[in-house]
1. Could you list which residues have their amide H under 5 Å from that of Gly110, counting only those 5 or more apart in sequence or on another chain, with H placed in the peptide plane?
2. Return the FRET efficiency for the residue pair Ser71, Glu149: r is the Cβ-Cβ distance, R0 is 45 Å, and the value is rounded to the nearest 0.05.
3. Take every Cα-Cα distance within segment 2-126, group them into 10 Å bins from 0 onward, and report for each bin the whole-number percent of pairs it holds.
4. Going by average Cβ density within 10 Å per residue, which order do the peptides 65-71, 50-56, 200-206, 3-9 take, highest to lowest?
5. With a 10 Å Cβ neighbour count serving as the proxy for reagent exposure, in which order, fewest first, do Glu58, Glu99 appear?
Amino acid sequence: MYFYLYGTPEQQHIEHILVASKNVQLSSDQVSLDLTEGSISAEDLAQGVVVRMDRLRESVVLPVLPPHTPSFFKPGAQQKIAVFRDPHTPERDGPGLTEAYASASPIATGTMKFGSMVYADSVDLNVNPLPQGVERPKRKDVSRMTLAERLDAARANFAAPKAPVEKKIKTKPKHRVVELESSILATGYKVGSSLLMFIIIGLFVLAAFTLCRRL
């Protein structure tokens, strides 16, 4: 893997060179160099040189699936390096930036120790760009907002949870069973029988009366 090395003789920093998509941003400040061969001048550091970490290969480490980051990039970790002068201009970008170092001779070799502060990101770097003509909304400067404005913004982003809607369960109508006492049933039976006998007697009398008139 290739990194830019820049700074001063007192402080050196590194930044990962991005030459492919689905990449990862790796940065470390105040790295420590232990060179076994060659040297790096103050002019080289001012212009920026390229560091190759020989034990790490882009084809093995990449692609990185967000939000994961390489496990080797941690504070205080050490890597074997080779240092090259950068033949490209600052405006040069894109794939092919590291092809020249496959056959080039390094100006120095040794080991590098990462600083106490490292930064690794694979989320923001790989986010999909917006369509042409669409601008990403700018973030509000919270430091310039009053306390009331901050509270209003917090309330606007807060959505109260909706109360669960109770489902109405349809109940089947119950059939009522009317229980009648035996005394009530007996009384009704007697009344019905008496009424029937009265009707029969009345019909018999009416028939006899009609027959007598004809005689």
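None of the figures in this text is laboratory data; all of them are computed from the coordinates on show. Note that the structure is a prediction, hence the values are computed from the model and not measured. Backbone-built Cβ (ideal geometry, glycine too); neighbour counts: all protein chains shown.
1. Thr36, Ile81
2. Here the calculated transfer efficiency is 0.60.
3. Computed distribution, short to long bins: 13, 47, 35, 5.
4. Taking the mean over residues of other Cβ atoms within 10 Å, the ranking is 50-56, 3-9, 65-71, 200-206.
5. Taking fewest neighbouring Cβ atoms as first place, the list is Glu99, Glu58.
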